1. Looking at 183, 192, can you tell me which residue is surrounded by 20 or more Cβ atoms within 10 Å (Cβ to Cβ), assigned to a helix (DSSP H, G or I), touching a strand residue (DSSP E or B) at 6+ places or on another chain (Cβ under 6 Å) and at pLDDT 95 or above?
2. Go through segment 295-322 and give me each residue that's over 20 Å from the mean Cα position of the chain (by Cα) and buried (at least 16 other Cβ atoms within 10 Å of the Cβ).
3. Which condition breaks for residue 138 when tested against (1) surrounded by 17 or more Cβ atoms within 10 Å (Cβ to Cβ); (2) assigned to a strand (DSSP E or B)?
4. Going through segment 326-345 one residue at a time, which ones are touching a strand residue (DSSP E or B) at 6+ places or on another chain (Cβ under 7 Å) and either within 24 Å of residue 391 (Cα to Cα) or crowded, with 22+ Cβ neighbours inside 10 Å (or both)?
5. Wholly within segment 39-131, which helices (runs of 4 or more DSSP H) include no fewer than the required count, namely at least 1 residues that are free of Cβ contacts under 8 Å to residues at least 60 places away in the same chain, within 23 Å of residue 223 (Cβ to Cβ) and of a type outside the set (A, V, I, L, M)?
6. Do we find that residue 392 is surrounded by 16 or more Cβ atoms within 10 Å (Cβ to Cβ) and touching a Leu at 6+ places or on another chain (Cβ under 8 Å) in this structure?
7. Does any residue of segment 190-201 turn out to be farther than 14 Å from residue 28 by Cβ and under 26 Å from the mean Cα position of the chain (by Cα)?
8. Does segment 6-13 include one or more residues that are crowded, with 20+ Cβ neighbours inside 10 Å, outside the structural domain of residue 401 (by TED's automatic domain parsing) and not in a loop (DSSP other than H, G, I, E, B)?
Amino acid sequence: MDQLVVTGGARLSGSVAVLGAKNAVLKHLVATLLAPGTHRIDNVPSILDVSLMCDVINHIGATCRFNGSTVEVDVPDELVPEAPIDLVRRMRASIIVLGALLARRGVARVALPGGDDFGSRPIDMHLDGLEAMGASFELVHGVLVGSAPNGLRGADVHLEFPSVGATENLLLAGVMARGSTTIGNAAREPEIQDLAEFLSRMGAQVRGAGTSTIEIDGVSSLEPAHHRAVPDRLEAGTYLVAAAMTGGEVTVTDCVPEHLRMELRKLGDAGSEYEVGKDWVTLRGPDRPRPVDFATLPYPGFHTDMHPQMVALLSLANGTSVITENIYAARFRYVGELNRLGADVQLEGQHVIIRGVSVLSGCPVDACDIRAGAALVLAGLRADGYTTVTEAQHIDRGYSDFAGKLRSLGAEIVRETV
């Protein structure tokens with residue numbers, strides 16, 4: 001088990017580049033299963049979740065080959081349509097293979113997903129949509145068995161909530177279904193747009209990705225494709241919060257500033273100054289942040305995966321902030337750890353009440369998930385003394401060389417194996 005040891009006090013400065021979005025690359029890997037042949041994906045981050053997803057699709061029959069930030073996926077004519085529990089329980093995104101396998105093979109056996117413990121995140125919308133397209137499901141010993149012996153057919157599906165996962169599953173299923181499919185109240189995230197672009201390169205007919213209505217005309221077959229993944233807005237946002245946290249000045253390159261509109265707005269409200277270019281953002285942090293209120297919402301609202309980092313920043317604000325979490329009800333496990341550092345954060349239902357303090361004090365804390373771990377590291381950058389963040393493997397799921405990139409900006413941080 002590894003841990004990160006952070007010495008507080010450094011003001012970050014310099015430039016850092018980000019790679020492709022975790023939440024895009026994982027779905028691109030699944031999309032390759034739709035077409036036999038060799039696919040190529042560029043701008044792939046070296047993170048644990050990518051390795052885990054490669055394990056899943058390798059089990060299904062594909063072969064992943066890495067060369068730096070490029071991965072080539074060889075997909076055979078025949079696939080094993082299953083994702084077993086020992087792989088799926090490690091990452092919820094594995095449920096996305098359901099739509100792809102039903103489209104390609106007409107059958108899928110997928111264990112119910114695991115991943116970060118954010119409370120109940122049912123897959124009812126996934127299943128309801130796929131059933132409308134002709135699939136049937138039964139749960140057998142913890143394994144979801146889906147069947148569409150006559151193939152999938154197009155359907156009009158209206159989601160109760162703009163679920164990213166349900167939108168992706170239906171998109172992957174619809175591109176090879178007979179006839180046309182419409183996804184209403186679809187998720188609008190940039191990663192959805194990027195998946196649709198990759199599928200279009202494969203020969204799919206998709207319109208409206210990035211809007212609340214996606215229209216798909218099914219095709220009988222797809223071809224291998226070459227695609228560059230969209231930059232990771234969450235990695236970019238985390239380094240911008242790190243600059244704000246330390247009162248430093250950091251330029252994040254190879255990003256899409258438009259994808260961070262709401263997050264940049266709230267960082268500005270907290271006292272940061274920033275400049276935006278075509279593919280870069282420079283942010284200068286305040287000596288002490290101002291309090292800010294906001295709510296997490298589906299895109300283009302404030303991303304729930306930037307919530308813990310912002311709470312860490314606002315724990316040092318000169319006043320009281322209120323954050324309302326509307327996406328994941330049980331995201332708050334990091335709060336107790338942040339309070340161990342001297343923060344004053346309280347929970348009231350889905351609301352986080354943050355009363356800013358002037359000083360944080362370093363101590364051992366536990367990274368319970370990807371973004372919580374990143375937030376605790378950021379808090380350690382501003383805390384007096386040493387902050388030891390255990391369970392660093394959670395951070396590895398979403399950040400490539402997190403400690404090394406922070407160190408390149410002037411942070412005092414080392415990785416240790418316990």
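The values are calculated or read from the model by the stated rules, or taken from the named source; none is laboratory data. Just so it is clear, the model here is predicted, and its values are computed rather than measured. Using ideal geometry, Cβ is built from the backbone for each residue, glycine included, and neighbour counts are taken over all protein chains shown.
1. Unique residue meeting the criteria: 192.
2. Answer for segment 295-322, where residues must be over 20 Å from the mean Cα position of the chain (by Cα) and buried (at least 16 other Cβ atoms within 10 Å of the Cβ): 313, 314, 315, 316, 317, 321.
3. All conditions pass for residue 138, except number (1).
4. Scanning segment 326-345 gives 332, 335, 337, 338, 339, 340, 341, 342, 344, 345.
5. Fully inside segment 39-131 and qualifying: 48-60, 97-105.
6. It is true that residue 392 is surrounded by 16 or more Cβ atoms within 10 Å (Cβ to Cβ) and touching a Leu at 6+ places or on another chain (Cβ under 8 Å).
7. no
8. The answer is no; no qualifying residue exists.
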